[in-house]
Structures are given as C-alpha cells and as structure tokens.
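Undergrad: Here you go, one structure.
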Amino acid sequence: MAKLTGAEVARHNTKDSCWVIVHGKAYDVTEFLPEHPGGAGIILKYAGKDATAEYEPIHPPDTLDKYLDKSKHLGEVDMSTVEKEEQVKDPSEIEREERIKRMPPLSQCYNLLDFEAVARQVMKKTAWAYYSSGADDEITMRENHNAFHKIWFRPRVLVDVEKVDFSTTMLGTKVAAPFYITATALGKLGHPEGEVVLTRAAYKHNVIQMIPTLASCSFDEIVDARQGDQVQWLQLYVNKDREITKRIVQHAEKRGCKALFITVDAPQLGRREKDMRVKFSDTGASVQQSTGGSAVDRSQGAARAISSFIDPSLSWKDIPWFRSITKMPILLKGVQCVEDVLRAIEAGVDGVVLSNHGGRQLDTAPSGIEILAEVMPILRERNWQDKLEIYIDGGIRRATDIIKALCLGAKGVGIGRPFLYAMSTYGLDGVDRAMQLLKDEMEMNMRLIGATSIKDLHPGLLDLRGLQSGHHAVVPGDTLSLNVYDPLQSPRFNEKAKL
Ligand SMILES: Cc1cc2nc3c(=O)[nH]c(=O)nc-3n(C[C@H](O)[C@H](O)[C@H](O)COP(=O)(O)O)c2cc1C
C-alpha cells in the first residue's frame with residue numbers, strides 16, 4: 001500500500017476531520033475526540049501533524065490498538081514529506097540542556113536525596129512537576145520524611161555484628177532487602193524507556209517491583225522485562241467498569257503477578273498545584289484503561305487528566321468480589337488509621353500499606369510511620385499482629401527510616417520518588433546505585449544499632465517519645481531534604497500584557 005504523504009494528513013486538521021501521526025502512522029481520531037481522557041483540545045493542537053513526541057511518554061504502546069477501531073488506523077506516512085515544525089525553544093529549556101551537560105558524576109551521589117537534587121535541575125519542567133508535587137500545601141508530603149526524625153534509636157552495643165543479614169520475605173517471596181519499588185505512574189516522563197528500567201534494577205538487586213496501573217510502558221512490556229524468577233506485584237486503580245478491572249486483574253495473575261495492591265486512598269485524585277501550574281493538560285495526557293467520556297475538569301494537570309476512570313464508589317463491600325476473581329493475595333494500599341486496619345483484618349485481606357500516596361492525596365493526612373506506631377501496639381494487644389502483613393511507604397530516604405519501620409513491625413517499605421529520580425537522571429545505573437547505597441546503609445546501620453538480622457529488630461530499639469510532640473507543619477529535619485524541597489509558587493503575572 002502506498003504511504004500517505006504529509007500533505008494528505010495535514011488536510012485533516014479540524015474537529016470535523018482530525019488525523020494525527022504517531023510513530024510514522026496516521027490515525028483518524030475524529031470520533032474519538034470527545035472521549036479522549038486528556039480532552040479534545042490537546043489532540044486538536046496536533047491535528048494534521050506528527051504528535052509522537054507528546055504522545056509517547058503518557059500512552060502505553062498498545063493504546064491505539066486497544067482503544068481505536070482498526071478502521072481508523074490509516075497506515076504508514078512517508079515521514080520525509082511531513083513538514084517539520086520550527087521549534088522555538090524556551091530559554092529555560094536551553095538552560096536545562098546546559099545543566100545536563102554539567103551533571104555531577106554518578107559517583108558524587110552519596111544518598112537518595114542527592115538524586116532528587118540533581119533531578120530538580122535536569123528533569124523537564126512538566127516531568128519534575130508531576131513527580132515532585134504533593135497535594136494542596138504539601139504538608140503531608142514533607143511530613144512523610146520529617147516524621148522519621150521524631151523517632152530516635154536506642155542502640156545496643158557489644159553485640160557480635162560481624163555478619164549482618166537484612167534479607168527477608170514479603171508475602172512469601174524471599175527478597176534481598178526489606179524495601180520494594182512502589183507503583184508510580186508515567187515512568188516515561190523521566191526516562192524514555194520507562195518502567196522497564198526499574199524492572200531491570202529490581203532484578204539486579206533482588207527486590208520486588210509493584211507495577212502501576214498507569215504505567216507508561218504497557219503491562220505486558222513490564223512483565224516481559226522480568227528475568228529469572230523475579231517477582232512483581234500489581235497496583236490497581238479500580239475502574240468504574242468492573243469488567244475492565246476484572247480483565248486487568250486476571251491478566252496480571254495469568255502473567256505471574258504475585259499480589260494485588262488495590263489503591264484505596266484515591267477516590268478522586270488530589271490537587272497537586274505544581275503539576276497544575278505547568279498546565280500539563282496543554283501538552284497532552286491520556287491513559288490506557290480509561291472508559292472515557294466522564295465530566296472531568298481537564299485543565300488540572302497530568303494527574304487529573306489521567307485519572308477520570310477511577311471509581312469513587314469503591315467500598316468495603318467490593319472486597320469479596322475481588323476475592324472471587326483472583327487467587328492472588330489482596331492488599332489495600334493507602335490505609336491511614338487504626339480503625340481501617342482492623343476493618344481490613346475483618347474483611348480478610350492479606351495485608352495493608354499504610355500510606356498517604358506520597359502526600360499527593362489528602363493534605364495533613366498522617367505519615368505511614370506514625371500510623372504504624374499507633375497500629376502495632378493495638379494489634380499486639382489483640383494478638384492480631386500476624387493476621388496480615390503491614391507495609392508502609394512515604395518519605396523513606398535512608399536505611400535508618402527502613403529500620404525504624406521494621407522495628408515497629410512493618411514487613412517492608414515501599415520507595416517511590418527516589419527511584420524515579422535516580423532513573424530520570426542516570427538511568428539504570430542511577431537506580432542500581434540508589435539501591436546499592438540503601439543496602440550499604442542497611443548493613444552499616446544494622447551493625448550500629450546491634451542487630452544481625454531482621455528478626456532482631458523490635459520496638460525496644462526505638463525511642464518514640466518524639467511522636468508525642470504532635471504535628472508541626474514545617475520541621476526541617478535535615479538540611480539535605482530542605483535543599484531539595486521545591487517551594488510552591490504563586491500565580492505568575494503575564495509579562496507580555498500591555499498596561
Ligand atoms: C510520580 C508519582 C506517581 C504515583 N503514581 C501512583 C499510582 O499510579 N498508583 C498508586 O497507587 N500510587 C502512586 N503513587 C504513590 C506511590 O505508590 C507511593 O505511595 C509514594 O510515592 C511513596 O512516597 P515517596 O515517593 O515519598 O517514596 C505515585 C507517587 C508518585 C511520586
């Protein structure tokens with residue numbers, strides 16, 4: 001079949017006839033316009049043109065096959081005939097490219113916060129805004145990290161710590177260290193290869209990767225990147241259309257995922273104002289599992305644009321249904337108080353993640369570590385501590401943070417942004433180094449508190465009195481985190497407007 005020419009495609013540049021080019025192929029998206037979860041406006045911006053660069057980071061590669069009828073796939077385009085648009089570079093983008101050339105060598109990153117400091121300087125504005133933002137005033141986001149500074153150690157000395165083993169098990173899987181890569185959406189915003197980079201690092205370090213519903217890579221690509229007996233879990237945003245949800249869950253189980261983490265803290269996505277301010281939706285956003293067409297405000301940044309399909313009616317009543325569709329262990333990700341942990345036990349789930357979604361949902365929700373400190377004594381009182389596995393995530397940047405969580409009774413911890421930043425700056429080598437740094441810190445700090453294995457960690461090694469001090473919005477616990485925190489901005493005045 002003859003290839004289409006750029007001129008032929010360019011003629012279809014209105015809402016009445018809208019063609020776009022993605023990866024050298026043309027698509028007729030006219031009828032799809034009103035259904036696009038990211039809004040029609042962004043597609044129309046590329047009507048008749050090549051949309052690949054904007055499309056790529058936020059759509060898994062199988063999106064067009066899945067959601068656009070085959071009759072609308074118009075075939076290959078002779079790309080030599082497509083007019084290249086003159087790109088006028090924003091001066092801040094030129095400065096960023098300069099900074100990339102001067103990036104510190106990877107060997108200069110000595111801890112997880114160092115990757116964040118570099119990422120802030122070299123990531124694209126939109127990507128940085130999406131990854132780094134938290135909800136509202138970002139109080140919870142900062143508290144997640146600061147809360148660890150309220151807990152101090154009560155180290156034991158003269159313990160033979162020549163040999164230290166910090167391997168453990170998570171839901172029956174033996175892992176090299178008590179942390180896992182938690183689910184974070186849109187990996188290709190940070191790295192052209194996306195989530196598979198994290199898959200490779202997880203394999204190398206023998207830790208588990210939780211695959212996000214909203215990954216940039218397709219689910220199958222992430223599973224295909226698995227090596228050996230590597231274990232992955234699935235994070236699930238529950239779709240209003242339960243048939244879609246069922247299909248996702250059963251497909252994941254068939255492809256070997258070992259646990260289902262249902263996100264329960266996001267009936268609606270929080271307002272992340274940094275993300276909104278860079279007007280991500282102007283540059284495009286969509287998502288793979290969307291049912292499309294719902295009345296969502298599409299001017300509110302990447303996060304909101306991609307989440308219109310999430311079911312706000314999800315409730316405890318749905319848990320038995322999940323049990324009926326899968327044999328995978330079921331865990332609730334985003335539990336935030338003791339009462340709900342007790343309820344989760346009654347509902348018979350296999351575990352919970354005490355988490356506030358990295359401070360991206362309800363602002364002034366408590367940190368995972370603080371909830372854990374409240375939950376565990378109550379479970380122990382009832383002798384319920386072994387009824388489910390408890391994980392936490394949010395703000396974990398140091399092995400001391402991990403050790404504190406394990407002393408309190410967590411089975412393991414999830415880490416989100418630090419691995420994203422390591423991937424966005426130095427790729428696989430960056431994530432590899434970040435994990436190795438954490439492991440080195442684990443070994444050293446286990447020795448220094450006098451523990452040779454995970455089973456030696458117990459609440460007696462902690463001084464929790466600081467937790468009694470209540471909440472303060474800003475308690476900068478360390479200068480490193482203060483350096484990397486990107487303050488919220490006020491609205492910008494229009495510099496071009498004439499007085
Ligand atoms: C950029 C980004 C995207 C995220 N996407 C998801 C998601 O799609 N589903 C989900 O359950 N949690 C998501 N989270 C929350 C993380 O799973 C986790 O709760 C949080 O990142 C932990 O905090 P940390 O980033 O301080 O480690 C996301 C977090 C970030 C930073």
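Undergrad: Would you mention how many residues in segment 364-396 are more than 14 Å from the ligand (Cβ to nearest atom), closer than 25 Å to ALA185 by Cα and in a loop (DSSP other than H, G, I, E, B)?
TA: 1
Undergrad: Something else: In segment 115-135, what count of residues is obtained for those that are within 11 Å of the ligand (Cβ to nearest atom) and in a helix (DSSP H, G or I)?
TA: 7
Undergrad: Scan segment 104-119 and tell me whether some residue there is surrounded by fewer than 20 Cβ atoms within 10 Å (Cβ to Cβ) and of a type in the set (D, E, K, R).
TA: To start, the set of residues in segment 104-119 that are surrounded by fewer than 20 Cβ atoms within 10 Å (Cβ to Cβ) comprises 104-108, 110-111, 117.
Retained after the next criterion (residues that are of a type in the set (D, E, K, R)): none.
Among the residues of segment 104-119, not one is surrounded by fewer than 20 Cβ atoms within 10 Å (Cβ to Cβ) and of a type in the set (D, E, K, R), which makes the answer no.
Undergrad: Can I ask one more? What do you reckon, is GLN336 open to solvent by 10 Å² or more (accessible area, probe 1.4 Å), within 16 Å of the ligand (Cβ to nearest atom), in contact with a Gly (Cβ under 8 Å, 6 or more places away or on another chain) and not acidic (Asp, Glu)?
TA: Numbers: open to solvent by 10 Å² or more (accessible area, probe 1.4 Å): yes; within 16 Å of the ligand (Cβ to nearest atom): yes; in contact with a Gly (Cβ under 8 Å, 6 or more places away or on another chain): no; not acidic (Asp, Glu): yes.
Criteria not met by GLN336.
Undergrad: Give just the number: which of (1) more than 24 Å from the chain's Cα centre (by Cα); (2) surrounded by 18 or more Cβ atoms within 10 Å (Cβ to Cβ) does TYR421 not satisfy?
TA: Only one criterion is unmet by TYR421, namely (1).
Undergrad: Now a separate question. Have a look at ALA177, ALA185, ALA147 and point out the one that is in the same structural domain as ILE396 (by TED's automatic domain parsing), under 17 Å from the mean Cα position of the chain (by Cα) and either within 16 Å of the ligand (Cβ to nearest atom) or surrounded by fewer than 24 Cβ atoms within 10 Å (Cβ to Cβ) (or both).
TA: Details: ALA177 fails: under 17 Å from the mean Cα position of the chain (by Cα); ALA147 fails: under 17 Å from the mean Cα position of the chain (by Cα).
On inspection, the qualifying residue turns out to be ALA185.
Undergrad: Looking at PRO60 and the list (1) out of contact with any helix residue (DSSP H, G or I) (no Cβ under 7 Å at 6 or more places or on another chain); (2) surrounded by fewer than 17 Cβ atoms within 10 Å (Cβ to Cβ); (3) on the phi < 0 side of the Ramachandran plot, which single condition is not satisfied?
TA: With (1) out of contact with any helix residue (DSSP H, G or I) (no Cβ under 7 Å at 6 or more places or on another chain); (2) surrounded by fewer than 17 Cβ atoms within 10 Å (Cβ to Cβ); (3) on the phi < 0 side of the Ramachandran plot applied to PRO60, the lone miss is (2).
Undergrad: On the given criteria, is THR452 among the β-branched types (Val, Ile, Thr), modelled with pLDDT of 95 or more, closer than 30 Å to LYS163 by Cβ and open to solvent by 10 Å² or more (accessible area, probe 1.4 Å)? Spell out how you get there, then give the answer.
TA: On the way: among the β-branched types (Val, Ile, Thr): yes; modelled with pLDDT of 95 or more: yes; closer than 30 Å to LYS163 by Cβ: yes; open to solvent by 10 Å² or more (accessible area, probe 1.4 Å): yes.
For THR452, the condition - among the β-branched types (Val, Ile, Thr), modelled with pLDDT of 95 or more, closer than 30 Å to LYS163 by Cβ and open to solvent by 10 Å² or more (accessible area, probe 1.4 Å) - is met.
Undergrad: What do you reckon, is LEU4 out of contact with any Ser or Thr (no Cβ under 8 Å at 6 or more places or on another chain) and free of Cβ contacts under 8 Å to residues at least 24 places away in the same chain? Break it down into steps so the answer makes sense when it comes.
TA: Details: out of contact with any Ser or Thr (no Cβ under 8 Å at 6 or more places or on another chain): yes; free of Cβ contacts under 8 Å to residues at least 24 places away in the same chain: no.
No, not satisfied.
Undergrad: Open to solvent by 10 Å² or more (accessible area, probe 1.4 Å) and of a type in the set (S, T, N, Q): which single residue out of GLN250, GLN232 fits that description? Full working, then the answer.
TA: Values: GLN232 fails: open to solvent by 10 Å² or more (accessible area, probe 1.4 Å).
Step by step, each of GLN250, GLN232 is checked, and only GLN250 is open to solvent by 10 Å² or more (accessible area, probe 1.4 Å) and of a type in the set (S, T, N, Q).
The values are calculated or read from the model by the stated rules, or taken from the named source; none is laboratory data. Everything numeric here is computed off the predicted structure, so don't read it as measured data. Glycine also receives a Cβ, built like all others from the backbone with ideal geometry; neighbour counts cover every protein chain displayed. Each accessible area value is taken on the protein alone, full model and side chains, heavy atoms only, with ligands, DNA and RNA left out. Shrake-Rupley method; radii C 1.70, N 1.55, O 1.52, S 1.80 Å.
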